[in-house]
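Remarks on the structure that follows.
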Amino acid sequence: MFEFVKMQLALGRLTLEQAKAFVGTWLTQEEYEKLEGQMGGKS
């Protein structure tokens, strides 16, 4: 599921704020922080 969320962020279909809502279900906090770092905090 991490890769799916990462792809959606890259395509601009998901914002980091939306991805953060998945922490605890699809993502761990660690995975979210990794995404945040890769996306450079852009929303």
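Once the mean 1/r over all distinct Cα pairs of the chain is inverted, what Kirkwood radius in angstroms do you read off?
Numbers: mean 1/r = 0.1014 Å⁻¹.
After inverting the mean inverse Cα-Cα distance, the result is 9.9 Å.
What distance in nm separates the simple spin-label points at residue 36 and residue 4, each placed 7 Å from Cα in the Cβ direction?
2.3 nm
Taking the Cα centre of the chain as origin, work out the dipole magnitude from +1 charges on Lys and Arg Cβ and -1 charges on Asp and Glu Cβ, in debye rounded to 20.
180 debye
Per residue of region 12-22, in order, report the coupling 6.51 cos²θ - 1.76 cosθ + 1.60 (Karplus, θ = phi - 60°) as ³J(HN,Hα) in whole Hz, putting x for Gly and Pro.
For region 12-22, the Karplus curve yields x, 8, 9, 9, 4, 4, 5, 4, 4, 5, 8 Hz.
Bear in mind that the values in this text are calculations on the coordinates, not laboratory data. Since this is a predicted model, take the numbers as computed values, not measurements. Glycine also receives a Cβ, built like all others from the backbone with ideal geometry; neighbour counts cover every protein chain displayed.
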